[in-house]
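Below you'll find the structure, written out as structure tokens, and then a few comments.
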Amino acid sequence: MGRTLPTITNLIAYEYQNWMPFREKLGKKQKRSFDLMWSTAYRQRLAMMYANRPVPIQSIMMAILFEHYKQLVVMKDQLSTASKLDKVKKKGSPYFEEPSKGRPPVPMS
């Protein structure tokens, strides 16, 4: 019979345990951030399994990096949309009139 390989979930848990001395030296807020960072690796378990890297931490770090990259792309899109809306408001768009005191902006017909 062949050798049984650990699951990706077990590899993530094993590597997380190896990083415990580092985590223990962090402050309370940093520990929470550290835990959240590691939890993002679980979202990419399927890709990590198929990558089948000989050094598990490589797949884990790539998964974490990829999840953070996805978040950056979303934030960039949101910032771009907000910036475009801000430019439209500054130019005096004919679609919105300035709000009166206590009333929200109303689209003009």
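For the stretch 6-53, what are the residues that are in contact with a helix residue (DSSP H, G or I) (Cβ under 8 Å, 6 or more places away or on another chain) and basic (Lys, Arg)?
Within the stretch 6-53, Arg23, Lys31, Arg43, Arg45, Arg53 meet the criteria.
Can you tell me which condition Tyr42 does not meet? The list is (1) in a helix (DSSP H, G or I); (2) exposed (fewer than 11 other Cβ atoms within 10 Å of the Cβ), and all the others hold.
(2)
With respect to Tyr50, determine if the residue is hydroxyl-bearing (Ser, Thr, Tyr) and either exposed (fewer than 10 other Cβ atoms within 10 Å of the Cβ) or modelled with pLDDT of 95 or more (or both). Steps first, please.
Numbers: hydroxyl-bearing (Ser, Thr, Tyr): yes; either exposed (fewer than 10 other Cβ atoms within 10 Å of the Cβ) or modelled with pLDDT of 95 or more (or both): yes.
Yes.
Please list, ordered by first then second residue, the pairs with beta carbon atoms under 6 Å, 6 or more apart or interchain, first in the stretch 58-80 and touching a residue at least 40 places away in the same chain (Cβ under 8 Å), second among the polar types (S, T, N, Q) and assigned to a helix (DSSP H, G or I).
Note: no pairs meet the criteria.
Working carefully through the options Pro6, Pro56, find the one that is in contact with a Leu (Cβ under 8 Å, 6 or more places away or on another chain) and modelled with pLDDT under 95. Even if it seems obvious, please write down each step before you answer.
Working: Pro6 fails: in contact with a Leu (Cβ under 8 Å, 6 or more places away or on another chain).
The match here is Pro56.
So which residues in the stretch 1-28 are touching a residue at least 24 places away in the same chain (Cβ under 8 Å) and among the hydrophobic types (A, V, I, L, M, F, W, C)?
Ile8, Leu11, Ile12
The values are calculated or read from the model by the stated rules, or taken from the named source; none is laboratory data. Computed from a prediction, not measured in an experiment: that's the story for all the values here. Glycine gets a Cβ as well: all are built from the backbone with ideal geometry, and neighbour counts include every protein chain shown.
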